[in-house]
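Everything on this sheet refers to the single structure shown next.
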Amino acid sequence: MATYAVGDVQGCADELETLLEHLGFSPGRDRLWFVGDLVNRGPRSLDVLRLVARLGDAAVVVLGNHDLHLLAAARSDAGLRAEDQSLLPILEAPDRESLLDWLQSRPMLHHDEALAVTMLHAGLPPQWDLETARRCAGELEQALRGDQSAMLFEQMYGNEPDLWSEELEGAHRLRFITNALTRLRACDSEGRMLLKFKGTLAQLPAGAVPWFRAAGRRSAGARIVCGHWSALGYRDEAGVLCLDTGCVWGGALTAQRLDASALPVQVPSRQPTAQFGDC
């Protein structure tokens, strides 16, 4: 049995299908980990959801910011933005509710004891060790699946608070957890999340660092797999494997085997080349 982690798909179903062929993936034998953002911006988000949901236990999916935005648009008053029209086929599909139910039941963080690997979409603030991250992810999952999830979706947007404290409560606490797990790329010298930053390493503001280079990061030593940062590209540094290679922007879709030493497998994008955005 092989276990592969796959970067942000974002509706690029053609590339995902080709990637599975290249891997020789068999759902009866192998496992796929998806780092989140299955949907949005690409041309076939509905097909991606259907494909991955059909894999059943052969697929492990954590939620990304675009997945949460789809749920917010469907199950609250958040609504769609002009750039989110690729989500309409999902919202209009006859199997919409079963797909949304499946997506909403996915975790925010996945930890595999046997592999000693943790998967999440974006990053961990420097104040969190792995135990704190798992506990906070559990808090968000409970809210996501509860009777008040519509309120969560309506209140999750925004960039504040940007610094962790155990004293955070209610919507502020859940917003911070959501932003950390699904939007974080970089921190300032005080450990504050710089959520507006979307650029390359060379474009980091003075004093800012990628979250995985933050001084005193309490999750150091853990093996972590993530996506989200398309402008960063493939990177394996300090125990952190970054797999978003910007397929939806004309880059590639990347998979990395986790249970054995192997080179990454990449499928070139069939999408028009564009400047990397908020992936």
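The table for this structure:
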item: Within region 123-168, chymotrypsin sites (Phe, Trp or Tyr not before Pro) in DSSP loop having at most 15 other beta-carbon neighbours inside 10 Å; result: 157
item: Vicinal HN-Hα couplings computed from phi for region 232-245 (Karplus, 6.51 cos²θ - 1.76 cosθ + 1.60; Hz; Gly/Pro x); result: 7, x, 5, 7, 10, 8, 6, x, 10, 9, 9, 10, 7, 10
item: Rounded, prolate or oblate (a/c below 1.5 giving rounded, otherwise prolate when a/b exceeds b/c) for region 1-158 by Cα gyration tensor; result: oblate
item: Environment charge of residue 172, counting only residues whose C-beta is closer than 15 Å and scoring Lys/Arg +1, Asp/Glu -1; result: -4
item: Overall form of region 147-279 per C-alpha gyration tensor (a/c, 1.5; a/b vs b/c); result: prolate
item: Mean Cβ count within 10 Å, highest first, over the residues of peptides 33-42, 19-28, 136-145; result: 33-42, 136-145, 19-28
item: Highest to lowest packing among 7-15, 259-267, scored as the average C-beta count within 10 Å; result: 7-15, 259-267
item: Burial ranking of peptide ranges 203-210, 174-181, 47-54 (average Cβ count within 10 Å, highest at the top); result: 174-181, 47-54, 203-210
item: DSSP-assigned coil residues among trypsin sites (Lys or Arg not before Pro) in region 187-228, each with at most 15 further Cβ atoms within 10 Å; result: 196
item: For region 196-261, projected area of the alpha-carbon convex hull averaged over all directions, nm²; result: 5.4
item: Solvent-accessible area, 1.4 Å probe, carbon plus sulfur percent, for the chain; result: 49
item: Binned Cα-Cα distance frequencies in the chain - 5 Å width, integer %; result: 1, 6, 14, 18, 20, 18, 14, 7, 2, 0
item: Estimated 222 nm signal from helices in the chain, with DSSP H stretches of n ≥ 4 weighted -39500 (n - 2.57), rounded to 500; result: -8500 deg cm²/dmol
item: DSSP bridge orientation in the chain - percent antiparallel, rounded to nearest 5; result: 55
item: Rounded, prolate or oblate (a/c below 1.5 giving rounded, otherwise prolate when a/b exceeds b/c) for region 92-187 by Cα gyration tensor; result: oblate
item: Residues with amide H under 5 Å from that of residue 187, placed H, sequence gap 5 or more; result: 194, 209, 211
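The values are calculated or read from the model by the stated rules, or taken from the named source; none is laboratory data. Predicted model only: the values in this text are computed from it and were never measured. Every residue, glycine as well, gets a Cβ built from its backbone with ideal geometry; the counts of neighbours run over all protein chains shown. When the accessible area is computed, the model is the full protein with side chains, heavy atoms only, and any ligands, DNA or RNA have been set aside. Shrake-Rupley method; radii C 1.70, N 1.55, O 1.52, S 1.80 Å.
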